[in-house]
1. Cα atoms only: what Rg and Dmax, in Å, come out for region B:62-271?
2. Starting from the Cα-Cα distance between A:PHE38 and A:ALA228, subtract it from 0.36 nm times their residue separation and give me the gain in nm to one decimal.
3. Run down the lysines and flag those whose C-alpha is under 30 Å from the C-alpha of A:LYS36, throwing out any fewer than 8 positions away in its chain.
4. Over region B:76-115, consider all pairs of different Cα atoms and compute the Kirkwood hydrodynamic radius from their mean reciprocal separation; express it in Å, one decimal.
5. So how do B:ASP176, B:ASP138 line up by other beta-carbon neighbours within 10 Å, fewest first?
6. When the gyration tensor of region A:220-355 is built from Cα positions, what are the square roots of 5 times its three eigenvalues, in whole Å, from largest to smallest?
7. Mind listing the Cα extents of the protein assembly as shown along all three principal axes, in Å, largest one first?
8. Apply the Karplus curve 6.51 cos²θ - 1.76 cosθ + 1.60, θ = phi - 60°, to the phi angles in region A:190-196 and return the couplings in whole Hz, x for Gly and Pro.
Amino acid sequence: MTENPYYYTLIMACATVGFIILSSLLLGGLARLIAKLFGLTKVKQDNTFAGYFFAAPWIVGFLIFVVAPMLASLYWSFTNYRIPNAPEWLWFQNYTRLILEDKEFRSSLVNTLFLTVIGLPLQISFALFLAVLLNQKTRGERVFRMSFYLPVILGFNAAVLLCWRLMLNAGNGIINQIIRALSNGFLPFSYLNRAIIFIVELVNAFFLGINNQNFILLNKVWEAGFPAANRVPMWVQTPLWSKMSVIILMVWGCGSMMLIFLAGLNNIPKELHEAAEVDGAGSWMRFWKISLPLLTPYIFYNTVVGMIAALQIFEPIYVLYRDNATLAPTAYSMVYYLWRATFRFNEIGYGSAISWVVLVLILIVTIIQFRLQKRWVQYELY
Amino acid sequence: MMTRNDRFFRGIYYATLIMLAAPFVLPFLWMVSTAFKSPSQIFADPPQWIPNPVTLDNFTQAWGLLDFPLLFRNSFIVTGLSVFGTLLTSPLVGYAFATLPGRGKTFWFNLMLATIMIPSAITLIPLFVLFSKLGWVDTYLPLVLPSFFANAVYVFLFRQFFRTIPMDLFESAELDGCNPWQAYWRIALPLARPAVSAVAVFAFIGAWNDFLGPLVYLNTADKYTVSLGLSLFQGVYYTQLEYLMPMSLAALLPVLALFIFSQHYFVEGVLTTRFEG
């Protein structure tokens, strides 16, 4: 019976359900006992039992799948654990190596911050723009909403990301073909394209300069001056563009943020807009004075969630640069570096230390955001 | 009546939308186009949108290279059990956080929200060590069983949904002699059908597309899921695009069909969720 993997899985799934029910009863009973010790009434005791009985599946899962692994990883981060050797206690050596010595980690940190500082605002503003555009309640809204949301559902698939890689190919990729055609046919677009290229290359050269601790490349880009008419972005080809390709993928996946903004726009009372219209406010004015302030809680939510996701970005970099040894260091994220340390070099201790640095960083950033929210998030209008 | 001006702006509006939507669907169109191309056309310069001639050889050849019926069956088993496990517990926990009074509920709820912040990378390695100590590597258990312990994101979604249901309903049910379990099973859960559908779709897509999980835990080829099996076409130095693209397309079809038929549910599911707390 247990030879067939399907039956084995089914039997173990049933056993798991039994285990969950048993532990839920135990936890509920424990909660009831504690309630009794505190001298609560019979009804309150029963309610406590029901509450903990119902919440137990998550609490038990939390202990097994979150608390225990985190404790293990915290312990390993202080050791030189490396499969198959046994861990040896190192005190803070992993952390000092990580923060003070490891240049590769430092550049992965700078890269991640670049993706967060440049990619996330682009992602959020694009999502907001799409949501406002879709909120006009016209025919075909559903089809467009679906196409903007499609990447969220199907996007993180190796084949789709490989398609991106082919399309972004600098020489004969379809994206650059389109850009070339548009630049040749329409002069203002050509200037726009070249201006964007210039800005992107300056910014990227600056960040690369931080990594290399010299700004020769930045000087070169500056001296080369405004790009020539036939220039196109060098997407997955040069260090100046490697991170931009990742940002393109981030913006491409902005559908879930868009959906949240749509929900926010839906929740704005119609009367507000009608009253403002009676008072003679144009649509631009109404957006700035009504929609945007009332959307700030949603912008806040998207910023918090988006920043947590951006600081952990992994898949796009993995697919675009996994086999590109020369370009990969210019686009590494922290989690990619972590993956490489643990699964390529089996350095579990060092990898655990990286994951704790990532976690602490996320924690700090999130706490700062919650502190700052009072300054700009408006839960009520005036 | 539409004035001429209105029609002009409407035209601009739709043109903008189409221009913006194009990049979002472009990779999928490119994938479809690649699936029907002969190997020599895939890297043609300049790139061709319409394959000429349209060929089905890729499908037939790729089908012969791997045991696709088995891969699809494995994927359906893993996905089905994950969805079942998710739906068994996530609504229950969401209900507990939404309705039941009691001390510590807010504490546990905030703790749960905080866990969403934890990078999955941090727990990946210890969990792998745990599962290998249990002897569960190369079984479906590490992929299926965690979903039975309620996923924080889905719990949050259910909790938000249950909070929109008036509390009086549950209180009167309890006065009529329902115990909390009956109130949940007979009243709350049937009312939550839109949220259940939304989460079912999310869980299905998540489990079906999961690549990292099967990659880490499954070793023998006859246990592979579709998403992992397809990576066999992807070598270290060379990727067999002419096989990868058509079969990836086939693997995406169940998800795509589900998405199109149910988008109403989960778009509503997200749209009705309030984020203020």
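1. Computed over the Cα atoms of region B:62-271, radius of gyration and Dmax are 20.1, 69 Å.
2. Gain on extension, A:PHE38 to A:ALA228, equals 60.6 nm.
3. Once the sequence-local lysines are set aside, what remains near A:LYS36 is A:LYS44, B:LYS105.
4. That comes to 11.6 Å for region B:76-115.
5. By the 10 Å Cβ count, ascending: B:ASP176, B:ASP138.
6. In descending order, the three semi-axes are 41, 24, 11 Å.
7. 81, 74, 55
8. Each residue of region A:190-196 in turn: 4, 5, 4, 4, 5, 4, 4 Hz.
Only the coordinates and a few stated rules stand behind these numbers; no lab work does. It should be emphasised that the depicted structure is a prediction, and the values quoted were computed from it without experimental measurement. In this analysis, Cβ positions are derived from the backbone assuming ideal geometry, glycine residues included, and neighbour counts consider all displayed protein chains.
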